[in-house]
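Novice: Just dropping this structure here.
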Amino acid sequence: MKFSILVNEGPYTHQAADTAYQFTKTALEKGHEIFRVFFYHDGVHNGTRLTVPPQDERNIVKRWSELAEKYKLDMVVCIAAAQRRGVMDASESKRHGFNADNIAPGFRISGLGQLIEAGIQADRIITFGD
Amino acid sequence: MSEETMEPGGVRKKFMYVNRKAPYGTIYALESLEVALIGAAFEQDVSLAFVDDGVYELAKGQNTKGIEMKNFSPTYRALEGYDIEKLYVAKESLDTRGLTEADLLVPVQVVSAPELAKLMAEQDVILSF
């Protein structure tokens, strides 16, 4: 089956960020297709590379990046939600006059249209959040 | 980067946005509305449902000055201009909060829980906020 995944909660605060990852990973391992993972609301914080969790804890951001690399996953961070919360790629950062960016490898920043398209293209879209 | 407005393959699906949260206190209501507005460009069959505290999103007379938030409730009146005309409000949610249709900003269809369940079952895509 072709799934799209919507992640609405931030890492470490909410189980949804973990469950979304575990679902996505398991679906891929079982041979399903993931059309896109879309990060919205505080979910955009899953895509910042400037997280340093304690060494004995899971690294949520790195885990996503590795999954994306292994399976060529399309992981999209909502631009409007990201701008509100300070998640930037190099071009967005430059456009807004900042001197740094923090998007993690494997994530890209794009519009909400990508969420709608994810709903249109997938057989099922699954929301992880409150 | 700008919002994409492509329409993949001309597919038309039934999209329902389910609004469950009060308009202020968390950002879910505002960001849900943003999805509905962007989604309108994709010419899908869109409806909005308001349940639980989500019914407060449509309440008349919102005044947010004291909490320094933007009052985004007038935007619900603009939905019609985006061809979003199917607004369903859960009757039980209104009743338990002492609200009636007359307290709401826009024309809606008030539906019972079983009616709403039936509408949800008919959808291709449900995004719940």
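The values are calculated or read from the model by the stated rules, or taken from the named source; none is laboratory data. This structure is a prediction, so every number in the text was calculated from the model and none was measured. All Cβ positions, even for glycine, are placed from backbone atoms using ideal geometry, and neighbour counts span all protein chains on display. To get the accessible areas, we keep the full protein, side chains included, count just its heavy atoms, and leave off ligands, DNA and RNA. Shrake-Rupley method; radii C 1.70, N 1.55, O 1.52, S 1.80 Å.
Novice: Please go through (1) assigned to a helix (DSSP H, G or I); (2) within 14 Å of another protein chain (Cβ to nearest Cβ); (3) β-branched (Val, Ile, Thr) for B:VAL55 and return the number of the only condition it doesn't satisfy.
Specialist: Of the numbered conditions (1) assigned to a helix (DSSP H, G or I); (2) within 14 Å of another protein chain (Cβ to nearest Cβ); (3) β-branched (Val, Ile, Thr), the odd one out for B:VAL55 is (2).
Novice: Take the residues in region B:19-28 that are surrounded by fewer than 23 Cβ atoms within 10 Å (Cβ to Cβ) and more than 9 Å from every other protein chain (Cβ to nearest Cβ); name whichever of them is farthest from B:VAL89 (Cα to Cα).
Specialist: Here the residue is B:GLY25.
Novice: Sticking with this structure for a sec: State yes or no: is A:VAL61 of a type outside the set (Asp, Glu), away from chain B (no Cβ under 14 Å) and touching a His at 6+ places or on another chain (Cβ under 9 Å)?
Specialist: Taking the combined requirement at face value, the residue satisfies it.
Novice: While we're here: Got a sec? Which strands (runs of 3 or more DSSP E) wholly within region A:16-130 have at least 2 residues that are open to solvent by less than 60 Å² (accessible area, probe 1.4 Å) and over 27 Å from B:LYS14 (Cβ atoms)?
Specialist: In region A:16-130, A:107-110 are the strands (runs of 3 or more DSSP E) which contain 2 or more residues that are open to solvent by less than 60 Å² (accessible area, probe 1.4 Å) and over 27 Å from B:LYS14 (Cβ atoms).
Novice: Now, a different point. Could you figure out which of (1) touching a strand residue (DSSP E or B) at 6+ places or on another chain (Cβ under 8 Å); (2) closer than 18 Å to B:TYR28 by Cβ isn't true of A:ARG85?
Specialist: The failed condition is (1).
Novice: Could you list all residues from region B:76-105 that are more than 14 Å from every other protein chain (Cβ to nearest Cβ), buried (at least 17 other Cβ atoms within 10 Å of the Cβ) and among the β-branched types (Val, Ile, Thr)?
Specialist: B:VAL89
Novice: What do you reckon, is B:PHE42 surrounded by 15 or more Cβ atoms within 10 Å (Cβ to Cβ), modelled with pLDDT of 95 or more and facing another protein chain (nearest Cβ under 8 Å)?
Specialist: For B:PHE42, the condition - surrounded by 15 or more Cβ atoms within 10 Å (Cβ to Cβ), modelled with pLDDT of 95 or more and facing another protein chain (nearest Cβ under 8 Å) - is not met.
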